[in-house]
Amino acid sequence: MDLNEAARATLRANDRGGYTVPNGQVYPFQWNWDSAFVALGFDTFDRDRAWAEVETLFEAQWSDGFVPHIIFWVDDAGYFPGPDVWAAGENGIRTSGITQPPVAATVVRMLWDSAVAAGQADTFRPRAEKLFDQLLAWHRWFATHRDPEGRGVVVAVHPWETGRDNSPEWDAPGEPIDVSGVGAYTRRDTGHLDAKMRPTKLEYDRYLALVQYGRAQGWEHHKIAVGSPFKVADVGMSMMMMRANRDLAALGTLLGKDVSAVDRLIERAEDGIDWLWDADRQSWCSRDLISGKSSGFVTSASFLSFYAGIRDATKDAATLAHFDRIGKVVKYMVPSLDPEDPGFQMVRYWRGPVWAVVNTMIGIGLAEAGHDVRAKRVKGDTRTMMNQTGFFEAYSPVDGTGSGGDDFSWTAAMWLAWAG
Ligand code: DGY
């Protein structure tokens with residue numbers, strides 16, 4: 001089977017009717033940013049199904065605009081923590097109580113452009129208009145509850161919210177989290193996968209302590225925004241949000257909508273984003289809102305500034321210098337952690353492995369900024385790893401072997417939409 005057909009087969013196999021599971025064993029529900037990326041894959045062969053993926057995600061939107069990171073449409077004992085642990089949701093739809101990186105607006109803009117190019121604007125206009133309103137409500141929610149100081153960044157209240165669950169960027173901010181009351185629990189992820197590819201027990205204790213904290217607040221976002229023991233301005237989410245707002249404004253303009261509120265969010269982000277520039281490290285890094293300290297880690301998220309639309313000659317040059325240095329150390333770009341960092345681990349989740357969706361965003365950003373050779377390297381490396389290994393959750397930047405789950409939906413989707 002050629003890889004295009006294999007990628008389509010992966011999406012069809014993981015399709016649960018209106019939504020796609022990231023992987024049938026490890027992640028048997030709907031995940032927020034997974035679904036957004038998966039829609040781009042479907043769009044290459046089934047436009048209606050692509051739109052449905054995003055629409056199903058927004059069916060779970062809460063009345064305050066929040067869009068959850070997991071939607072538990074079915075029961076499945078193979079995942080922990082399940083819906084009973086979260087105890088969250090609205091209108092009988094069981095969800096988690098935290099969100100995930102805001103990539104959906106960028107995706108919907110791409111879906112819209114693709115529908116227009118295919119001469120199907122009239123068919124998809126009502127769906128685009130409804131999604132625009134839902135996306136705007138979500139972005140407003142972010143501006144209120146995930147940027148409590150109005151800095152123009154995105155402040156995560158849980159490592160899972162960032163999508164980069166065990167990045168070392170969360171180590172120091174996670175230290176004050178009290179895990180003494182977490183109690184006994186059984187992890188399911190390490191029943192499916194080698195523990196050396198997964199977060200540690202201490203990290204899991206912190207994840208669960210934060211779930212218990214949010215649940216104790218009744219998932220009232222205004223309370224969590226103030227009192228959460230974990231509040232980190234995530235450079236990845238902040239860059240993705242800047243991009244998403246630009247795409248939402250462009251989409252709204254094409255649809256004849258009022259985009260003045262989105263324009264204000266873009267201005268706020270442009271004014272505030274330099275707070276995430278670490279002058280000592282000469283890199284974009286996450287920053288702890290509570291301690292005020294920069295993480296100091298160069299991660300794959302550090303290279304999303306081009307995708308965000310930031311053009312700053314000095315910072316761009318420093319960022320590209322990190323890119324070129326890292327590119328000489330690893331065979332496959334872009335590792336999720338600087339390979340010269342002592343904590344680099346080539347198969348442990350977000351402490352080393354390469355992720356296709358992040359490579360896609362980095363590659364798009366580099367190409368748009370005119371850094372064509374580097375953009376080609378990122379795409380070529382991604383293509384080679386998929387060709388050699390199949391559609392894994394992530395890949396070792398050292399030898400390209402698969403890490404985490406196989407037959408992974410968003411990886412297959414990125415083959416179809418970008419790398420292949
Ligand atoms: C997990 O359970 O590993 C997920 O990443 C949480 O979203």
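Taken together, the values in this text are just the output of simple stated rules run on the coordinates, not laboratory data. These figures come from a predicted structure and were not determined experimentally. Don't worry about glycine lacking a Cβ; one is built from the backbone with ideal geometry, like all the others, and counts go over all protein chains shown.
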query = Applying 1/(1 + (r/R0)^6) with R0 = 25 Å to the Cβ-Cβ distance of A13 and D48, what FRET efficiency is obtained, to the nearest 0.05?
reply = 0.85
request  = Positive end of the charge dipole of the chain (Lys, Arg +1 and Asp, Glu -1 on Cβ, about the Cα centre): tell me which of Y79, I224, S114 has its Cα farthest that way.
outcome  = S114
task = Kindly state, to the nearest 0.05, the FRET efficiency for K293 paired with V226, given R0 = 25 Å and r defined as their beta-carbon distance.
result = 0.80
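Calculated from DSSP H runs of 4 or more alone, at -39500 (n - 2.57) each and per residue, what is the 222 nm mean residue ellipticity of the chain, nearest 500?
-15000 deg cm²/dmol
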remark   = For K201, counting only aspartates and glutamates whose alpha-carbon sits under 16 Å away and dropping same-chain residues fewer than eight positions off, the answer is D165, D171, E175, D178, D189
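I need the shape label for the range 1-132. Rule: rounded when a/c is under 1.5, else prolate if a/b > b/c, else oblate, with a, b, c from the alpha carbon gyration tensor.
Working: a/c = 2.49, a/b = 1.30, b/c = 1.92.
Judged from the Cα gyration tensor, the range 1-132 comes out oblate (a/c at least 1.5, b/c at or above a/b).
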Reciprocal mean inverse distance between Cα atoms of the chain - Kirkwood radius, Å = 21.3
note = Here the relative contact order (percent) of the range 3-419, from C-alpha pairs under 8 Å and at least 6 apart, is 18
task = Check cross-link reach from K328 to the lysines: straight Cα distance under 18 Å, and skip same-chain residues fewer than eight apart.
result = K376, K379
inquiry  = Looking at the calculated P(r) for the range 163-285, what percent of the C-alpha pair distances fall above 19 Å?
reply    = 64
inquiry  = Among the complete DSSP H segments of the chain, which ones combine at least 15 Å of alpha-carbon extent along their axis with a mean Kyte-Doolittle hydropathy of 0.0 or more?
reply    = 32-42, 104-117, 235-254, 356-368
message = Please list, by residue number, everything in the range 137-181 whose backbone N is under 19 Å from a paramagnetic label point 7 Å out along Cα→Cβ of L255.
response = 137-143
query = Roughly how many Å is it from the Cα centre of the range 192-262 to that of the range 10-66, as a whole number?
reply = 18
request  = Which order do the peptides 72-82, 4-14 take when ranked by the mean count of other beta-carbon atoms within 10 Å per residue, highest first?
outcome  = 4-14, 72-82
request  = Please work out the C-alpha center-to-center distance from the range 145-184 to the range 363-418 and express it in whole Å.
outcome  = 27
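Averaged over all directions, how much area does the convex hull of the C-alpha atoms of the range 235-305 cover when projected, in nm²? Can you show the working numbers first?
Details: hull surface 20.2 nm².
Over all viewing directions, the range 235-305 projects a mean Cα-hull area of 5.1 nm².
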note = The size of the Cβ-based charge dipole (Lys, Arg +1; Asp, Glu -1) of the chain about the Cα centre, to the nearest 20 debye, is 340
inquiry  = Test of understanding: extend the Cα→C-beta vector of A118 to 7 Å, then name every residue of the range 394-420 with backbone N under 16 Å from that spot.
reply    = 416-418
query = Rounded to the nearest 0.05, what FRET efficiency is calculated for V373 and V74 with R0 set to 41 Å and r the Cβ-Cβ distance?
reply = 0.35
inquiry  = What lysines does K257 reach when the alpha-carbon gap must be under 28 Å and sequence neighbours fewer than 8 apart in one chain are set aside?
reply    = K130
key: Extension gain (nm, one decimal) between I93 and A279, 0.36 nm per residue minus Cα-Cα   = 62.5 nm
